[in-house]
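Below is one structure, written out as structure tokens; the observations come after it.
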Amino acid sequence: MADSSKLTRIGLAGLAVMGQNLALNIAEKGFPISVYNRSTIKVDETVERAKKEGDLPLFGFHDPEAFVQSIQKPRVIIMLVKAGAPVDQTIKTLSVYLEKGDCIIDGGNEWYENTERRAKAMAELGLQYLGMGVSGGEEGARHGPSLMPGGSFEAYKSIEDILLKVAAQVPDSGPCVTYVGEGGSGNFVKMVHNGIEYGDMQLIAEAYDVLKSVGKLSNEELHEVFSEWNKGELLSFLVEITADIFTIKDDKAEGHLVDKVLDKTGMKGTGKWTVQQAADLSIAAPTIAASLDSRFLSGMKDERVEAAKVFKAAGVDDIFTDQVVDKQQLIDDVRQALYAAKICSYAQGMNLIRAKSIEKGWGLKLGELARIWKGGCIIRAVFLDRIKKAYDRNPDLANLLVDPEFAKEIIERQSAWRKVVSLAINSGISTPGMSVSLAYFDTYRRARLPANLVQAQRDYFGAHTYERTDVSGSYHTEWFKLANQLKL
Ligand code: 6PG
């Protein structure tokens, strides 16, 4: 056992799943760590795990004062508690014992403005504060998460050596951590990561629905397909776990567990914040919004069951099964549709980050963010390397869709993508993520849209004025008067 009378390098407060695993990860990388939790049983549990997992230099404290005093100065404490009031409560408990120059890092999924408010209040006390996105779930926290720290650069520098070792390591691109930027930028970037995560999960679920409902693939076949996809351009954590899910048998009855899981998606709110922010910043993020709406609709299970009865009685089946498809062709088309839609979803997320960065003057580097998402986090994928390269080629890229490589990939896949969306529509299956992604692409790539008519309507009923394509300036027309004169 390491010597507990010496001061530790860092502290961690909040020993639920993420906190416990991150503390063990830090200790395993050779940094002596003090841990604290309000309910003491978690402290003892973590100490026990540290012993079992290799006599790691981890020291548990039941008393907040003793916890703080056990850390070397200037002290750094990572806090992993539920976002909102528990964060304020923990800060209150710890800050009583902190001294000038000490630092608290919030590693939860916090709303970025809360972090900025807290950083300001802490600065008034001479304390430093960081908001750090931590992604990767239990496994990631224990063996290498993706870390998105934002706030005081000086505070980041004081623990950079720890973060570089604790983060996931990706060959050829380094540890999945970078100093994101000032203020609440770390939390903001993590929030958008989660919005993209919602989009990815929705698109995968739609691919599953089309393959299962139209292609009639069994769970064994679905496992094969997703495993195969995970060897190519779609290689990613979410595709990998999807392949695994189809292999798990029900432990309570016959068949596979996935078929017994209730079709109601839960959520904790970061995806909703992403969509709210996109609206606030006038950034179109339809794929992410569709994934959020799908979660809302999935939650209305009882209503959907009733609606199905109403339409069934009127002769409308759940899905229309009269489509004859070539299974192999369908699998290949769905793979391409999934990939093309994914490009649109990431383009939206990246554009949202850029818009916020401009608004706040954060100077965020999109390529660097793609790099730290290549490993450790939930959206990790080989695809992120392509995004990084696109921003390396042109940091001012207006949209991923117009990067020459992505444009080429989309063009190659658009025919399969259109086929899958049409097939789903004709089969009565909703593929909101794939469909709105296609609409996003079709809207973005057209130089002229029917927005001229909307402008004419606005000017007609509200004199909102319009611009012309040929002469500059703002115009208003008496549409009603003119139209009535013509009617005479
Ligand atoms: C991660 C995850 C993690 C959490 C999601 C779940 O990056 O490790 O994103 O933060 O699992 O936020 O979010 P929902 O409950 O909203 O689906």
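Restricted to region 374-403, and to residues that are within 16 Å of the ligand (Cβ to nearest atom), open to solvent by less than 10 Å² (accessible area, probe 1.4 Å) and out of contact with any strand residue (DSSP E or B) (no Cβ under 6 Å at 6 or more places or on another chain), which residue is farthest from ILE196 (Cα to Cα)?
LEU384
Which one is most open to solvent (accessible area, probe 1.4 Å) among residues in region 422-445 that are assigned to a helix (DSSP H, G or I) and farther than 18 Å from ALA284 by Cβ?
ILE425
Might you let me know whether region 128-140 holds any residue that is among the acidic types (Asp, Glu), away from the ligand (no atom under 16 Å from the Cβ) and modelled with pLDDT of 95 or more?
Among the residues of region 128-140, not one is among the acidic types (Asp, Glu), away from the ligand (no atom under 16 Å from the Cβ) and modelled with pLDDT of 95 or more, which makes the answer no.
Please enumerate the residues belonging to region 62-86 that are crowded, with 21+ Cβ neighbours inside 10 Å and free of Cβ contacts under 8 Å to residues at least 60 places away in the same chain.
Correct list: PHE67, VAL68.
Since ASP333 meets every condition but one in (1) open to solvent by less than 50 Å² (accessible area, probe 1.4 Å); (2) in a loop (DSSP other than H, G, I, E, B); (3) closer than 26 Å to LEU217 by Cα, which condition does it not meet?
Going through the list (1) open to solvent by less than 50 Å² (accessible area, probe 1.4 Å); (2) in a loop (DSSP other than H, G, I, E, B); (3) closer than 26 Å to LEU217 by Cα, ASP333 breaks only (2).
How about region 216-237: which of its residues are part of a helix (DSSP H, G or I) and either surrounded by fewer than 21 Cβ atoms within 10 Å (Cβ to Cβ) or touching a residue at least 60 places away in the same chain (Cβ under 8 Å) (or both)?
Within region 216-237, ASN219, GLU220, GLU221, HIS223, GLU224, VAL225, SER227, GLU228, TRP229, PHE237 meet the criteria.
Can you tell me which of (1) at pLDDT 95 or above; (2) within 12 Å of the ligand (Cβ to nearest atom); (3) open to solvent by less than 30 Å² (accessible area, probe 1.4 Å) is the one GLY269 doesn't meet?
With (1) at pLDDT 95 or above; (2) within 12 Å of the ligand (Cβ to nearest atom); (3) open to solvent by less than 30 Å² (accessible area, probe 1.4 Å) applied to GLY269, the lone miss is (1).
Given the conditions (1) in contact (Cβ under 8 Å) with a residue 24 or more places away in the chain; (2) touching a Gly at 6+ places or on another chain (Cβ under 9 Å), which single one is not true for GLU467?
Here GLU467 clears every test but (1).
Assuming SER213 fulfils every condition listed in (1) within 16 Å of the ligand (Cβ to nearest atom); (2) out of contact with any strand residue (DSSP E or B) (no Cβ under 8 Å at 6 or more places or on another chain); (3) within 17 Å of GLN202 (Cβ to Cβ); (4) open to solvent by less than 70 Å² (accessible area, probe 1.4 Å) apart from one, which condition is it?
Status for SER213: all satisfied but (1).
In region 452-488, which residues are at pLDDT 95 or above, exposed (fewer than 11 other Cβ atoms within 10 Å of the Cβ), assigned to a loop (DSSP other than H, G, I, E, B) and aliphatic (A, V, I, L, M)?
VAL471
If you take the residues in region 156-205 that are in a strand (DSSP E or B) and among the small types (Gly, Ala, Ser), which one is surrounded by the most Cβ atoms within 10 Å (Cβ to Cβ)?
Across region 156-205, the extreme among qualifying residues is GLY181.
What pairs can you find where one residue is in region 425-446 and more than 22 Å from VAL316 (Cα to Cα), the other is of a type in the set (D, E, K, R) and in a helix (DSSP H, G or I), and their Cβ atoms are less than 7 Å apart, with a gap of 6+ or different chains?
Close Cβ pairs (under 7 Å, with a partner that is of a type in the set (D, E, K, R) and in a helix (DSSP H, G or I)) amount to GLY433/GLU206; MET434/GLU206; LEU438/ARG418.
Evaluate region 87-95: report whether one residue or more is modelled with pLDDT of 95 or more, open to solvent by 20 Å² or more (accessible area, probe 1.4 Å) and basic (Lys, Arg).
yes
Out of (1) surrounded by fewer than 22 Cβ atoms within 10 Å (Cβ to Cβ); (2) closer than 25 Å to LEU217 by Cβ, the odd one out for LYS408 is which?
With (1) surrounded by fewer than 22 Cβ atoms within 10 Å (Cβ to Cβ); (2) closer than 25 Å to LEU217 by Cβ applied to LYS408, the lone miss is (2).
It is to be established whether one or more residues within region 312-330 are aromatic (Phe, Trp, Tyr) and either assigned to a helix (DSSP H, G or I) or surrounded by 20 or more Cβ atoms within 10 Å (Cβ to Cβ) (or both).
No, the conditions are met nowhere in region 312-330.
Confirm whether THR270 is in contact with a helix residue (DSSP H, G or I) (Cβ under 6 Å, 6 or more places away or on another chain) and farther than 17 Å from LEU203 by Cβ.
When the stated conditions are applied, THR270 passes them.
From ARG448, ARG386, grab the single residue that is assigned to a loop (DSSP other than H, G, I, E, B) and either modelled with pLDDT under 95 or farther than 30 Å from PHE296 by Cα (or both).
The conditions single out ARG448.
Would you tally the residues in region 284-298 being part of a helix (DSSP H, G or I), among the aliphatic types (A, V, I, L, M) and in contact (Cβ under 8 Å) with a residue 40 or more places away in the chain?
4
Can you give me the number of residues within region 238-255 that are open to solvent by 50 Å² or more (accessible area, probe 1.4 Å) and assigned to a helix (DSSP H, G or I)?
Selection size over region 238-255: 4.
Hey, could you check region 324-362 for residues that are β-branched (Val, Ile, Thr) and over 18 Å from the mean Cα position of the chain (by Cα) and say which is nearest to ARG418 (Cα to Cα)?
Per the criteria, the residue is VAL334.
Test GLU110 against the criterion of being outside any strand (DSSP E or B) and modelled with pLDDT of 95 or more, and give yes or no.
Considered against the rule, which asks whether it is outside any strand (DSSP E or B) and modelled with pLDDT of 95 or more, GLU110 comes out as yes.
The values are calculated or read from the model by the stated rules, or taken from the named source; none is laboratory data. Computed from a predicted model, the values in this text were never measured in an experiment. Note that each Cβ is placed from the backbone with ideal geometry, even for glycine, and that neighbours are counted across all protein chains shown. Side chains included, ligands, DNA and RNA excluded: accessible areas come from the protein's heavy atoms. Shrake-Rupley method; radii C 1.70, N 1.55, O 1.52, S 1.80 Å.
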